[in-house]
Each structure stands twice: as structure tokens, then as C-alpha cells.
């Protein structure tokens, strides 16, 4: 599928075929390409739990106020931030030259070390970028998806065994749609959301193209 086709056709699907499962090869393809999303300093400040066990999916569904897509998806992904990673340059930059490891590692440590709010913000940014990549890869594979934040984070962390420094930031249901998504609810015009060079300088106009 072409990139623009995937972007235009990607929708948040609520109804999935509970009898369908991704093969191991499909899951590997999905995750390995989703992990190509960028992260600051190449920290890879995330950890993804791919839940395929129906009993665990049922518990996740209950922790998300019984939203069925987490139960019925072919795979339910819990996308967690990995907060203690700003001082792991030896690991995350291991294929870079030694001087790059030293320089970037030192910069990352100085930037994030004493700023827990920034650490969490950065993890949220990274997880969001990865989620978009995963949804587009899923669409390219012929599957649909639904990103979700409507869950009890404490319960989800307990269900999948996440440590305290790996907060669950997003859930992502991926699978074979049983029903198409509802019609789009509408987009703001370009001039309402895009400024050029300075806030409020709206030189672009027209409706967003989502055909």
C-alpha cells in the first residue's frame, strides 16, 4: 500500500474479529518496522508488551472500562515509556563510534538526569511516534487499529507486569476489522491549525485533503 493511501484509510476501528490471530511472522514484521520510529538521542525509551493471550486481553478490557477492542483484537499492544534510559548510551548507541557514544551520552545525561517531567514527556513523544508507525505498518499489512488512552494505568501495569519506571502510556488494538469505522467527524481547515512563520499568519487555506 502507498503511504498516502495508508494515511487516508487508517481509521480507529472498534470492532475486531476475535477469532483472528496474527502469525508469529506477522507480529515480528509489525514490531520490527514499528521500532524504526525515531527517539531523542536514540534512547529507545519505550517497551512494548504484545498481548495475544485471550485471558490477558480480557483483563485489559476490564481495566479499560470494558472497551471490546482490547479484548477482541488480534494483538493488543501496551506501549510503555522506559524512563531510566538517559544514562544507557553504551547500550543504545552501541553501534556508534566511541566518541559519539561519549558525546551524545553525556548530552543526554545532562539534559534528562534531573528532570523527571521531561523524561516522561520524552517517553510520551517516543511512544506516540512509534504508535503512528505501528498503525501505518498494520494498515500496509491489511489490518486495522485503534489507539487508546482510556484505561486504568495502574491496573494495566499490574496485569502485564510493568515496573514503576515503565508507565503504560498508550494501548493499541490491531487486527481484522469486523465493521468499518464510523464516518469521519470532520477536520478543521488548514488556516485554523497551520500558521506560516508566525502564529496566526495563515497563508495556507482550504479544507484538509483526506480523500
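Can you report the number of residues in region 92-105 which are touching a helix residue (DSSP H, G or I) at 6+ places or on another chain (Cβ under 8 Å) and loosely packed, with under 14 Cβ neighbours inside 10 Å?
1
Residue pairs, Cβ under 6 Å, 6 or more apart or interchain, first in region 7-30 and outside any loop (DSSP other than H, G, I, E, B), second crowded, with 17+ Cβ neighbours inside 10 Å. List them.
Close Cβ pairs satisfying both conditions: 12/146; 16/69; 16/72; 16/73; 16/175; 30/137.
Please verify whether residue 116 is under 28 Å from residue 155 (Cα atoms) and at pLDDT below 95, treating the condition exactly as stated.
no
Go over the candidates 174, 149 one by one and state the one that is surrounded by fewer than 15 Cβ atoms within 10 Å (Cβ to Cβ) and within 14 Å of the chain's Cα centre (by Cα).
After applying the criteria, what remains is 149.
Looking for whichever is more than 19 Å from residue 44 (Cβ to Cβ), in the same structural domain as residue 166 (by TED's automatic domain parsing) and either crowded, with 17+ Cβ neighbours inside 10 Å or at pLDDT 95 or above (or both) here; the options are 108, 89, 130, 138. Which one fits?
138
The values are calculated or read from the model by the stated rules, or taken from the named source; none is laboratory data. What you are looking at is a predicted structure, and each value in this text was computed from that prediction instead of being measured. Glycine gets a Cβ as well: all are built from the backbone with ideal geometry, and neighbour counts include every protein chain shown.
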